[in-house]
1. Can you tell me which residue within the stretch 77-129, out of those that are of a type in the set (D, E, K, R) and in a loop (DSSP other than H, G, I, E, B), is surrounded by the fewest Cβ atoms within 10 Å (Cβ to Cβ)?
2. Which of the residues spanning the stretch 85-99 are in contact with an Asp or Glu (Cβ under 7 Å, 6 or more places away or on another chain) and not small (Gly, Ala, Ser)?
3. Examine the stretch 45-66 for a residue that is in contact with a Gly (Cβ under 7 Å, 6 or more places away or on another chain) and at pLDDT 95 or above, and state whether such a residue exists.
4. Hey, Ala183 hits all of (1) over 19 Å from Ala37 (Cα atoms); (2) surrounded by fewer than 22 Cβ atoms within 10 Å (Cβ to Cβ) but one; which does it fall short on?
5. Under 9 Å between Cβ atoms, at least 6 apart or on separate chains: pull out the pairs that start in the stretch 156-171 with a residue that is farther than 16 Å from His198 by Cβ and end on any residue that is modelled with pLDDT of 70 or more and not in a loop (DSSP other than H, G, I, E, B).
6. Select from the stretch 275-308 the residues that are exposed (fewer than 14 other Cβ atoms within 10 Å of the Cβ) and in contact with a helix residue (DSSP H, G or I) (Cβ under 6 Å, 6 or more places away or on another chain) and write down the one among them that is nearest to Pro32 (Cα to Cα).
7. State all residues of the stretch 203-227 that are free of Cβ contacts under 8 Å to residues at least 40 places away in the same chain and within 16 Å of Ile173 (Cβ to Cβ); if no residue qualifies, say none.
8. Does Val294 meet the test of being touching a Leu at 6+ places or on another chain (Cβ under 8 Å) and within 16 Å of Glu14 (Cβ to Cβ)?
Amino acid sequence: MAAVSRPSVQADDEWSPLQSVIVGRAGNACFPSAPAAMIEATMPSEHVHRFKPQSPFDRMLIAKAEVELDFLATILQSEGVQVYRPPIGIDWHDANGYTGAMPRDGLMSVKNTLIEACFAWPCRDREIEIAYEPVLVELAKDSRVKIVRRPPYAFANTLLDPGHASSPSPWVINNTRPAFDTADFMRFGTTILGQLSHVTNQAGVDYIQSHLPAGYQIELITPNDPHAMHIDATILPLRDGLLVYHPEKVTEASLRKHAVLANWDLRPYPFVPAAPTDPPLYMTSPWLSLNALVLDGERVVVEAITGDEVHSVSVQARE
């Protein structure tokens, strides 16, 4: 009897053995543009002036990013992981867009369902369509896979409209239509931990919940972060039962309120990371070092810095 193949999309957590992954491409990447309120709420103040329409990143920086992404894809393939890539040479300047380097922001897989983000930032509206349409077409050939595309009503330009907040909110966006980056969520079996942020609203959480397979439930953490945007530099599950967290954003007690983490070994990140100078952290804090890709609960892909070069390597995740 022939073996039954796995579905092309099958994911329940962040640490099980990685079978396939999308690795992006930078293309002709530009600084993301969005209304000033959105940028000022999330981006480092010293770089806010850079976030203008059709403002390209330095060509040398883009070239280095492409080398790193290609190298990451090669490492993953050498580990037996199937790697999907966007087309080469997308011009994000002409598309008035951002980049195709970050599929983690825009696509979320839960069991056999793949959900496209309803981005808050207008410059990202066509990002999935432009960068990942060929990948989604390929995955859709598997009848066991459900792909949830962003609906037309979720493109409404109303997130900054005044007078729509029912109560005071710490977030710059309102709740007039679903908005979320998929990087604001992490999978822990049938429990998905997420957060509200300057790019994810309650309507977005409700939208995701409505498309999840039966038995899956979203729970929200409440980090101490007035600039919140993405959860993946706040908590990092390394394997089943072991998680490292950003001690300035969340506490062990707050995480243990979630039943799925009640018996986990929760560790604060052991040092305060230093900011690199080249390239500058235009869009992030040094805590980006807490964002890593787990291969199988024993190995994690991280950045190893040697001299002036940065390479992605696999290292042991065990104690």
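1. Asp94
2. Initial filter on the stretch 85-99 (in contact with an Asp or Glu (Cβ under 7 Å, 6 or more places away or on another chain)): 97-98.
Tyr98, the sole residue that qualifies.
3. Here is the first cut: in the stretch 45-66, the residues in contact with a Gly (Cβ under 7 Å, 6 or more places away or on another chain) are none.
Within the stretch 45-66, not a single residue is in contact with a Gly (Cβ under 7 Å, 6 or more places away or on another chain) and at pLDDT 95 or above.
4. Result: Ala183 fails condition (2) only.
5. As it stands, the answer is Asn157/Pro122, since those pairs meet every condition given.
6. So the residue we want is Pro279.
7. Across the stretch 203-227, the qualifying residues are Ala203, Val205, Asp206, Leu220, Asp225.
8. Taking the combined requirement at face value, the residue satisfies it.
The values are calculated or read from the model by the stated rules, or taken from the named source; none is laboratory data. In this text the structure is predicted, and so the values were computed from the model without any measurement. So basically every Cβ, Gly included, is an ideal-geometry build from the backbone, and we count neighbours across all protein chains shown.
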